[in-house]
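These notes concern the structure reproduced below.
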């Protein structure tokens, strides 16, 4: 009897495994076709002189990587990418967290309307947003400088996209405006899941608002903070459309160029696709390394809080 039951149970579980595999098969095929296959091709083309058109590319070994690391502009582009990333990740997460906390303090109707307004830019085309903000930043007729001059703040009117010191902060500010609504939703979901009894108990104990935020809100919001920091890091390292359209190709010079823009121009303007694949590999390694370091640090912090 036991043997018969075991056979029936085994056949039952086997059927469910087959059904589960069939349900997962479309997703697996999509991953293989659009993620793993291009990834393998990317690694292969890194070592060729592929120009994007001629399939008969010759093997050149590590030449593409040597050309990359011997290019002075490459290190400037790396610096630009990190500066843009630091401004974006810190600025966006601080702003999103602050706005999320404020939205929990107001009425539900006002909160929902405000969240919808803040989320609306996420639904727009990044290319259109980039062109609009390029017009806003225009040094002569742009809305930003015209508004500053109207208010009598002529000294604050700058060449936002032509000044090498201002171009990256200007691009970062635009991307923050574009994406902040998405991350507010994540922070807000984490905030409303915190038990209100904890705040009531802290009020009875005489804690002020800052103490509640530091000792209750921030520790219990650790999972949301981890998710948002990792997501914002990966997204800013790989983003292309907004920086490209705002700076009109990465100007002035290379001071507004990020790694993703450099990959595009190398592949489609200079027709050096092999070198572009090598640049993409460098970008992927940098993004994965930073994301893994962040995850390790933030998850340790979560364990320390929960432990």
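The values are calculated or read from the model by the stated rules, or taken from the named source; none is laboratory data. Bear in mind the structure is a predicted one, so any value in this text is a computation, not a measurement. Don't worry about glycine lacking a Cβ; one is built from the backbone with ideal geometry, like all the others, and counts go over all protein chains shown.
Close Cβ contacts (under 9 Å, 6 or more residues apart or on different chains) running from residues in segment 51-76 that are on the phi < 0 side of the Ramachandran plot to residues that are exposed (fewer than 12 other Cβ atoms within 10 Å of the Cβ) and outside any helix (DSSP H, G or I) comprise 73/253; 76/253.
Scan segment 234-275 for residues that are assigned to a loop (DSSP other than H, G, I, E, B), in contact (Cβ under 8 Å) with a residue 60 or more places away in the chain and more than 16 Å from residue 75 (Cβ to Cβ) and jot them down.
239, 248, 251, 252, 271, 272
Considering the conditions (1) surrounded by 14 or more Cβ atoms within 10 Å (Cβ to Cβ); (2) in contact (Cβ under 8 Å) with a residue 24 or more places away in the chain; (3) assigned to a loop (DSSP other than H, G, I, E, B), residue 287 is excluded by exactly one of them, (3). Residue under question is residue 94, and the condition is that it be exposed (fewer than 12 other Cβ atoms within 10 Å of the Cβ), part of a helix (DSSP H, G or I), at pLDDT 90 or above and out of contact with any strand residue (DSSP E or B) (no Cβ under 9 Å at 6 or more places or on another chain); does it hold? Spelling it out, residue 94 is indeed exposed (fewer than 12 other Cβ atoms within 10 Å of the Cβ), part of a helix (DSSP H, G or I), at pLDDT 90 or above and out of contact with any strand residue (DSSP E or B) (no Cβ under 9 Å at 6 or more places or on another chain).
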